[in-house]
Amino acid sequence: MTYELAALSTGYHVHGKVHVVARNINARLEEGRLTCLLGPNGAGKSTLLRTLAAFQPALQGKMLLAGRQLESYEPKELAKCIGVVLTERPDLGNMHVNELIAMGRSPYTGFWGKLKDEDVQAVDNAIGLVGIEPLRHRLATTLSDGERQKVMIAKALAQQTPVILLDEPTAFLDFPSKVEILLLLRRLAHEMQKTVFLSTHDLELALQTADDLWLMDKEYLEIGTPTALAAKGSLSRFFSGPGITFDARNLRFSISY
């Protein structure tokens, strides 16, 4: 499912005043591709993701999902199109992991939330994809940060949406788990033709796994494949700093003392 942004401005209202975070974004997210959003703190990455997820309104411009304006979707219809994983800690109460992941099926289960066979199968598939079978019967409140992050990704997978948006999905994970999650998301994009868009500070992992990069700063947004952006010098300019050297051929940064 293609997600297109046209002259989009993001931000929010504070005490009756408009605070613009990013202006005039023109971009396109394609199905079957993993896109990573990179940028410094304060560049507006989380605000952009929340706007794309319809958690907050755009200030200006259009967001077109499969050619339709986002505002034209009913909430339940949109929940079958976009799955979201944010960094906020949810209030999980006494919920077990299996129950939490099953909440991803709420757009399909109706008012009473009774799981049918296909819902149970979707939950089982999501648990298997993320590799968290040992956590299935744990209380969600007993999970570590990394375990909880994997569970929330499984919940989004159980939702079976063509678009998945993730805000810092590897933030609390150890290095092997970071690699595992990014490779999983890449596989979902490629093999299941999902549109996967995530923000991350794991720069070198993004360079090695993403199909496309969005380099976001307060002044601009630059888009391209990792190799194309490296060849243009965009990556070295964007992440330049004292003691930092970028190897455009191998897509790696090094630190000099």
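The values are calculated or read from the model by the stated rules, or taken from the named source; none is laboratory data. Quantities reported herein were computed from a predicted structural model and do not represent experimental measurements. Neighbour counts are summed over all protein chains in view; Cβ atoms, including those assigned to glycine, are modelled from backbone coordinates with ideal geometry. Areas reflect the complete protein model, heavy atoms only, side chains present, ligands, DNA and RNA absent. Shrake-Rupley method; radii C 1.70, N 1.55, O 1.52, S 1.80 Å.
Scanning segment 30-45 for residues that are surrounded by 18 or more Cβ atoms within 10 Å (Cβ to Cβ) and closer than 18 Å to Ala210 by Cβ yields Arg33, Leu34, Thr35, Cys36, Leu37, Leu38, Gly39, Ala43, Lys45.
If the requirement is being over 12 Å from Leu37 (Cβ atoms) and not aromatic (Phe, Trp, Tyr), which of these qualifies: Glu180, Glu168? Answer to the selection: Glu180.
This table checks each residue for (1) within 18 Å of the chain's Cα centre (by Cα); (2) basic (Lys, Arg).
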position: Asp145; (1), (2): yes, no
position: Thr161; (1), (2): yes, no
position: Phe197; (1), (2): yes, no
position: Leu205; (1), (2): yes, no
position: Asp211; (1), (2): yes, no
position: Lys218; (1), (2): no, yes
position: Leu229; (1), (2): no, no
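Consider segment 112-161. How many of its residues are touching a Pro at 6+ places or on another chain (Cβ under 8 Å), over 20 Å from Val179 (Cβ atoms) and either part of a helix (DSSP H, G or I) or among the hydrophobic types (A, V, I, L, M, F, W, C) (or both)?
Restricting attention to segment 112-161, the residues satisfying the condition of being touching a Pro at 6+ places or on another chain (Cβ under 8 Å) are 149, 152-153, 159.
Those still in the list that are over 20 Å from Val179 (Cβ atoms) too: 159.
Among the residues that remain, those that are also either part of a helix (DSSP H, G or I) or among the hydrophobic types (A, V, I, L, M, F, W, C) (or both) are: none.
Within segment 112-161, residues that are touching a Pro at 6+ places or on another chain (Cβ under 8 Å), over 20 Å from Val179 (Cβ atoms) and either part of a helix (DSSP H, G or I) or among the hydrophobic types (A, V, I, L, M, F, W, C) (or both) number 0.
Filter segment 31-43 down to the residues that are closer than 16 Å to Leu221 by Cβ, in a loop (DSSP other than H, G, I, E, B) and in contact with an Asp or Glu (Cβ under 9 Å, 6 or more places away or on another chain) and list them by number. Once the filter is applied, which keeps residues that are closer than 16 Å to Leu221 by Cβ, in a loop (DSSP other than H, G, I, E, B) and in contact with an Asp or Glu (Cβ under 9 Å, 6 or more places away or on another chain), segment 31-43 yields Gly39, Pro40, Ala43.
Can you work out which of the residues in segment 59-83 that are at pLDDT 95 or above and in contact with an Asp or Glu (Cβ under 9 Å, 6 or more places away or on another chain) is surrounded by the most Cβ atoms within 10 Å (Cβ to Cβ)? The residue in question is Leu65. Scanning segment 84-108 for residues that are open to solvent by 20 Å² or more (accessible area, probe 1.4 Å), assigned to a helix (DSSP H, G or I) and either of a type in the set (Phe, Trp, Tyr) or over 24 Å from Thr195 (Cα atoms) (or both) returns Asn98, Glu99, Tyr108.
Of the candidates Ser72, Ser9, the single residue that is farther than 27 Å from Arg187 by Cα and either under 18 Å from the mean Cα position of the chain (by Cα) or touching a residue at least 12 places away in the same chain (Cβ under 8 Å) (or both) is Ser9.
The residues of segment 1-29 that are buried (at least 16 other Cβ atoms within 10 Å of the Cβ) and outside any strand (DSSP E or B) amount to a single one, Met1.
Can you list the helices (runs of 4 or more DSSP H) lying wholly within segment 162-236 that have 1 or more residues being of a type in the set (A, V, I, L, M, F, W, C), free of Cβ contacts under 8 Å to residues at least 12 places away in the same chain and open to solvent by 10 Å² or more (accessible area, probe 1.4 Å)? Spell out the reasoning first.
Values: elements: 175-192, 203-209, 226-232.
In segment 162-236, the matching helices (runs of 4 or more DSSP H) lie at 175-192, 226-232.
Residues that are open to solvent by less than 70 Å² (accessible area, probe 1.4 Å) and more than 22 Å from Ala79 (Cβ to Cβ) within segment 109-154 comprise Gly128, Gly131, Ile132, Leu135, Arg136, Leu139, Leu143, Ser144, Asp145, Gly146, Glu147, listed in sequence order.
Restricting attention to segment 159-212, the residues that are β-branched (Val, Ile, Thr) and either out of contact with any helix residue (DSSP H, G or I) (no Cβ under 9 Å at 6 or more places or on another chain) or over 19 Å from Leu86 (Cα atoms) (or both) total 1.
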